[in-house]
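What follows is a short report on a single structure.
The values are calculated or read from the model by the stated rules, or taken from the named source; none is laboratory data. A quick note: this is a predicted structure, and the numbers were derived from the prediction, not measured. So basically every Cβ, Gly included, is an ideal-geometry build from the backbone, and we count neighbours across all protein chains shown.
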Amino acid sequence: MTTPAQTSPRAIELIGINKRFGPVHANKDINLSVGQGSIHGIIGENGAGKSTLMSIIYGFYQADSGEMRIKGQPITVKDSQAAISAGIGMVHQHFMLVENFTVLENIILGAEGGAVLAGAIGKARNDLKHLEEEYQLDVDPDAIIEDLPVGLQQRVEILKALYRGADILILDEPTGVLTPAEADHLFRILEQLKAQGKTIILITHKLREIMAITDTVSVMRRGEMVATVTTAQTSLAELAELMVGRSVLLNVEKTPATPGDVLLEVEDLTVRDERGVMMVDNVSLNVRAGEIVGIAGVAGNGQSELLEAISGIFPALSGRVLLKGVPIHVTGGADPALLREKGMAHVPEDRHHMGLVLPFEQNENAILGYQVRKPYVNGPFLDLAAMREDANEKIKKYDIRPPNCRLKTANFSGGNQQKIVLAREMEQDPDVLIIGQPTRGVDIGAIEFIHKRIIEMRDAGKAILLVSVELDEIRSLADRVLVMFAGRVVGECAPDTPEGEIGMLMAGIERSEAAE
Amino acid sequence: MKNDLPRWVDMGLIPLLNVTAAFLVSGLVVLFIGENPIQAVQEMVFGALGYGEGFGFTLYYTTNFIFTGLAVAVAFHAGLFNIGGEGQAYIAGLGVALVCLSLGETFPWWLTFPVAIIGAGLFGAAWALIPAWLQATRGSHIVITTIMFNFIAASLMVYLLVNVLKVPGSMEPATARFADGGTLPFLRDIIPAFGYSPANISIFWALGCCVFVYILIWRTRLGYEMRTFGFSQSAAVYAGISPTKIIVVTMLISGALAGMMALNEVMGQAQKLQDNFVAGYGFVGIAVALMGRSHPVGIVLAALLFGILYQGGAELAFAMPAISRDMIVVIQGLVILFAGALEHMFRPSLIKLFTRSEPVLAPAE
Amino acid sequence: MEDFLIKLPLLLDSMIRLSVPLLFAALAGLFSERSGIFDISLEGKMLGAAFAAAAAAAVMDSALAGLLAGILVSVALALVHGFASISQRGNQIVSGVAINFVALGLTVLLGQAWFSQGGRTPQLSPDGRFGELTLPFATQLADVPFLGVLYEGIISGHNILVYVAFLMVPLSWWVLFRTRFGLRLRAVGENPAAVDTAGVSVVWLRYRAVIVCGVLCGFAGAYLSIAQASGFTKDMTAGRGFIALAALIFAKWKPVPVMMACLLFGLLQAIPIQYPQISLPGIGIVPGQVMQALPYVLTVVLLAGFIGKATPPKAGGVPYVKER
């Protein structure tokens, strides 16, 4: 590993940046230096502090301490306006576009160049044409944003930054929402921008992108910048190790599975979202008693919709789901309550919005979804004593801290909140357990505990369907791995399949293609 | 929001500070008019609590406010804003009047009363049903639709009173006076000290409704589901709770509770159905629910406070003619402003005071 | 039928008069709600302005002073709503309800304290009111069939605020759709984060929107008390703020349709005045209450999505919290 030589002029430098949110030290003594006209990657897991750092650069947050320099000049960025005038442009993960405005209106917003629009619009149209030609960024200036595909919307974001004269362009997880073709196109655009002398900072957790396009790369881990290396002189494996910095994840102790009967069958399931976009496309799978089927995939490839359809939260368009051989309603009139009754438990991906009611006391959340069951209810009435007793048992068994069942759920840490959800779903003795992102935003100690519990459930003969965007997690827990891409299951492999091979599938590259 | 404040500060001190601020500003208004606020308060308190008849009036107003406050509070728990208590109570008056007119001649009050309760509840709930249904199935904003329904109710009731229910030959848009079996006993019949005040036994039913609401919200499955839905609609769907059912059932209960107000006004006080008998009491429910933090105990206290204000304000207008009864409406508005819209105004400084650190905003990653 | 035709100019004339306060208030709401601040306190701001205008006009014997006072008070109330909704991120509905009550109570309380006429303000002299203007050639053209009647009887003969109100429609459209301020204002009502990241202050933008709303409500209130009437009476807005809100929703938050909706609702108010005994074949005499209720019924039907779909600004009612 080598630290890149810093001979070329520096576009942006950060020296000793610190940022705390209460007890959380989100950015610890961050140093960063990016050469002009280069593409610099910043990688790290969710929660490593990348987004906080970029927000500081773009003036969304103020650093507690530290210095920032643009082209050698010290600068304070007190708001986004200051960042824009310093030549920094940002393409946010969630696009900052007004959906019912035209492309042109979005581009001039905040940089109209006059109180009356008539003149400004004409000039903008002209400038935009030049920009589009210069960087090969074709978009119809009069199209309404909500009618455009995501890839084009992203292009509008880039044009917005360029229109404001950005020299340094920050892209936050830009490919998360793109199809592979769109992502390729984006990379060509970035190369083009680089050729024109722009500096690009690419934030991502996808190693392949880093390897494919960056010149230099920095790795963040738990709020710290742990390394900066020249991309050409590093490898996927080295970056992965730097990023994760732990090997606990990969060594979950488990015995080989002894699968029994098929408990969950999904046949030709198709789901369209509210906008009518096909999210799950003819997916079939089955899960046996005593096995964990993991679904790998880049976020946004239909995994969430698959989980929501199977668990009855969002109606599917067509297809069948059989629970223990009995068909259940998933197309219209799906009912999560009924599924629970029939022995399916569901740990949702998003505990804050779905799995928990944050203002509730812990014991109230411990019955969410099971508020119809004895002993929690007695006729139409809740049995508070039974609820609390049950909650206290779970607190003990799952080591939930602080051990206080009357505490508001919002006051528990992420890991303990997740344990509250897991305890609730696992302790109802379900036959089928559907788990989404079991360790998102969870501290390491809790991760180990959660993984152990999932394996124990498997060994107790439960059929478990596991979705995670953390490939390592899938590989270390699952007995079989299905890969989802663009709403389809594109492949099945054993968990010990090399990461690279699964990664290809996740990127939508078919095996036959890969072999060529 | 992360909550770092002790429970007593959150549940006690902050509401107290908010209400105090509302009353301080009200005091400034009195000063501005050129009167002495302390003297005004003395007049009000004496007028409302100082003698039997005044206290009777206070209890009579309190009864209305408990009902309308509970109505707003129940909807709040499910995350709904029922601003239509006014119209629901008005229509419920029709239900009460129909029961009292048809049964009052034949049956004693204690047989009419339960039927009138059902009438009030059914009619009040019915008027809440359409806005609820539209919110649940078509996403029509319930605040706007319930406002619209208040005006529609007013037009409908004026039409019915003038064209259908009016006593022939009378100029007043009101029904005939109910027979004795269609009226409620006054408290003064039991305790003569209440003088001519219209306080009646519907206040006991109001207190009964408080117990009912407490049990409903915190001790039943339905209440649990309502609160779940109120805090997080996605969590409710996840938990297998039907949003349509919760919205409709909650609004029916809320509308029925608002409708109960008509028992006090129509069956108790006026003993006939009159034009505009609701007189804004439905809206007072918003202030009462906000001030009482949607808890029945808080609502009883807040309703009593507003009862004191309404009765004391009337007396005050006699004692200090410069301060008209409209002062109450001002105070009501200020309470809604400080206890409702500005409820978090003092929170940051209190967090600073109690934790000696900056308010924590967790990064959303 | 003949009676109907004779009264038609009168009907249209009163339609215009009655739609003016609705139009001012609905345009006021348009600016506020397009910026993402729901406003059910149009009623209260109008009422406050009506009182302030009448009080100032009575004391200073000047209609212009009255108008300014009305605007001032209305803007002050709008700033309270802004402080609660924007700075304190409070519930916008609750804040609106509060302002309606404060205005309802304070106007009568102060009116009684200052003028001792049961909450009324003193009768205004001609100088204290906006008098009716006769447009050029109106009297000369009165005899020309149709056009002359239209010009003399319906278009001419209103006070200046009527013309201001209708001029406000193209002006509002121009501001909202042809100026930088309008572009940003519409953007902040749809996606405040987009405005924020573009380096524009969401808070200041929304404050400006509620101030514009206050100014227009000031006109609406002043029109009621010192142009249409000659003095303030208790609760003289009588729900017009809510009809204006209904018109705004009915017009799907667009300026020209707002005018159409206000004229329609004005017409519904004018019909029972001009034709108290209107009857429809097969139904008989239509009660006046039906006309009163119709704006609200129509709005509910629209909200229910049975005739078109009313989609409010996407960020409406939601306080902006900076996050990422």
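If you go through region B:131-157 and pick out every residue that is of a type in the set (Val, Ile, Thr) and at the interface with chain C (Cβ under 8 Å from one of its Cβ atoms), you end up with 5. Can you go through B:197, B:140, B:202 and tell me which one is of a type in the set (S, T, N, Q) and within 19 Å of the chain's Cα centre (by Cα)? None of the others qualify; the one that does is B:202.
Which count do you get for residues in region C:4-59 that are in a loop (DSSP other than H, G, I, E, B), within 26 Å of residue B:283 (Cβ to Cβ) and of a type outside the set (Asp, Glu)? Qualifying residue count, region C:4-59: 5.
Restricting attention to region C:288-313, the residues being over 29 Å from residue B:161 (Cα atoms) and within 19 Å of the chain's Cα centre (by Cα) number 1. Which number in (1) among the β-branched types (Val, Ile, Thr); (2) within 20 Å of the chain's Cα centre (by Cα); (3) more than 30 Å from residue C:314 (Cβ to Cβ) marks the one condition that residue C:149 misses? Here residue C:149 meets the rest and fails (2).
In region B:297-341, of all residues being surrounded by fewer than 24 Cβ atoms within 10 Å (Cβ to Cβ) and more than 20 Å from residue B:47 (Cβ to Cβ), the one that is farthest from the other protein chains (Cβ to nearest Cβ) corresponds to B:300. Can you pull out every residue in region C:270-324 that is away from chain B (no Cβ under 12 Å) and at pLDDT 85 or above? Result: C:270, C:271, C:313, C:314, C:315, C:318, C:320. Considering only residues in region A:306-346 that are in contact with an Asp or Glu (Cβ under 7 Å, 6 or more places away or on another chain) and within 10 Å of chain B (Cβ to nearest Cβ), the one that is surrounded by the most Cβ atoms within 10 Å (Cβ to Cβ) turns out to be A:346.
Of the residues making up region A:125-142, those that are surrounded by 15 or more Cβ atoms within 10 Å (Cβ to Cβ) and either touching a residue at least 60 places away in the same chain (Cβ under 8 Å) or out of contact with any Asp or Glu (no Cβ under 8 Å at 6 or more places or on another chain) (or both) are A:127, A:128, A:131, A:135, A:137, A:141. Scanning region B:53-105 for residues that are of a type in the set (D, E, K, R) and surrounded by 24 or more Cβ atoms within 10 Å (Cβ to Cβ) returns a single hit, B:86. Evaluation of residue A:85 against the conditions (1) over 30 Å from the mean Cα position of the chain (by Cα); (2) modelled with pLDDT of 90 or more; (3) crowded, with 17+ Cβ neighbours inside 10 Å shows that the sole unmet condition is (3).
You will find that of C:210, C:203, C:175, C:169, the residue that is in contact with a His (Cβ under 9 Å, 6 or more places away or on another chain), among the aliphatic types (A, V, I, L, M) and either at pLDDT 95 or above or within 26 Å of residue C:129 (Cα to Cα) (or both) is C:210 and no other. Please determine whether any residue of region A:278-293 is surrounded by fewer than 21 Cβ atoms within 10 Å (Cβ to Cβ), more than 22 Å from residue A:448 (Cα to Cα) and without any contact (Cβ under 8 Å) to a residue 40 or more places away in the chain. Checking region A:278-293: at least one residue is surrounded by fewer than 21 Cβ atoms within 10 Å (Cβ to Cβ), more than 22 Å from residue A:448 (Cα to Cα) and without any contact (Cβ under 8 Å) to a residue 40 or more places away in the chain. The single residue among B:67, B:46, B:76 that is touching a residue at least 12 places away in the same chain (Cβ under 8 Å), part of a helix (DSSP H, G or I) and more than 30 Å from residue B:236 (Cβ to Cβ) turns out to be B:46.
Screening region B:260-365 for helices (runs of 4 or more DSSP H) wholly inside it with 3 or more residues that are touching a residue at least 24 places away in the same chain (Cβ under 8 Å) and more than 19 Å from the chain's Cα centre (by Cα) returns the ranges B:296-319, B:347-355.
Residue by residue, here is whether (1) of a type in the set (Val, Ile, Thr); (2) at pLDDT 95 or above; (3) in the same structural domain as residue A:75 (by TED's automatic domain parsing); (4) part of a strand (DSSP E or B) holds:
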position: A:18; (1), (2), (3), (4): no, no, yes, yes
position: A:26; (1), (2), (3), (4): no, no, yes, yes
position: A:30; (1), (2), (3), (4): yes, no, yes, yes
position: A:37; (1), (2), (3), (4): no, no, yes, no
position: A:56; (1), (2), (3), (4): yes, no, yes, no
position: A:61; (1), (2), (3), (4): no, no, yes, no
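Among the residues of region C:237-268, which ones are within 14 Å of another protein chain (Cβ to nearest Cβ) and surrounded by fewer than 21 Cβ atoms within 10 Å (Cβ to Cβ)? Matches in region C:237-268: C:238, C:239, C:252, C:254, C:268. So, residue A:210, is that one in contact with a Lys or Arg (Cβ under 9 Å, 6 or more places away or on another chain) and farther than 19 Å from residue C:194 by Cβ or not? No; evaluated as a whole, the condition is false for this residue.
Within region B:114-126, not a single residue is away from chain C (no Cβ under 14 Å), of a type in the set (Phe, Trp, Tyr) and within 17 Å of residue B:185 (Cβ to Cβ).
One residue is enough: does region A:229-241 have a residue meeting the conditions closer than 25 Å to residue A:443 by Cβ and modelled with pLDDT of 85 or more? Among the residues of region A:229-241, not one is closer than 25 Å to residue A:443 by Cβ and modelled with pLDDT of 85 or more, which makes the answer no.
Residues that are within 28 Å of residue A:504 (Cβ to Cβ) and among the basic types (Lys, Arg) are absent from region A:410-433. Here residue C:127 passes the criteria (1) more than 14 Å from chain B (Cβ to nearest Cβ); (2) more than 22 Å from residue C:16 (Cα to Cα); (3) surrounded by fewer than 18 Cβ atoms within 10 Å (Cβ to Cβ); (4) at pLDDT 95 or above except the one numbered (4).
Yes/no matrix, rows are residues, columns are (1) assigned to a loop (DSSP other than H, G, I, E, B); (2) away from chain A (no Cβ under 14 Å); (3) on the phi < 0 side of the Ramachandran plot:
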| residue | (1), (2), (3) |
| --- | --- |
| B:198 | yes, yes, yes |
| B:203 | no, yes, yes |
| B:217 | no, no, yes |
| B:230 | no, no, yes |
| B:244 | no, no, yes |
| B:248 | no, yes, yes |
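Within region A:94-110, the only residue that satisfies the criterion of being more than 7 Å from chain C (Cβ to nearest Cβ), surrounded by 17 or more Cβ atoms within 10 Å (Cβ to Cβ) and assigned to a loop (DSSP other than H, G, I, E, B) is A:95.
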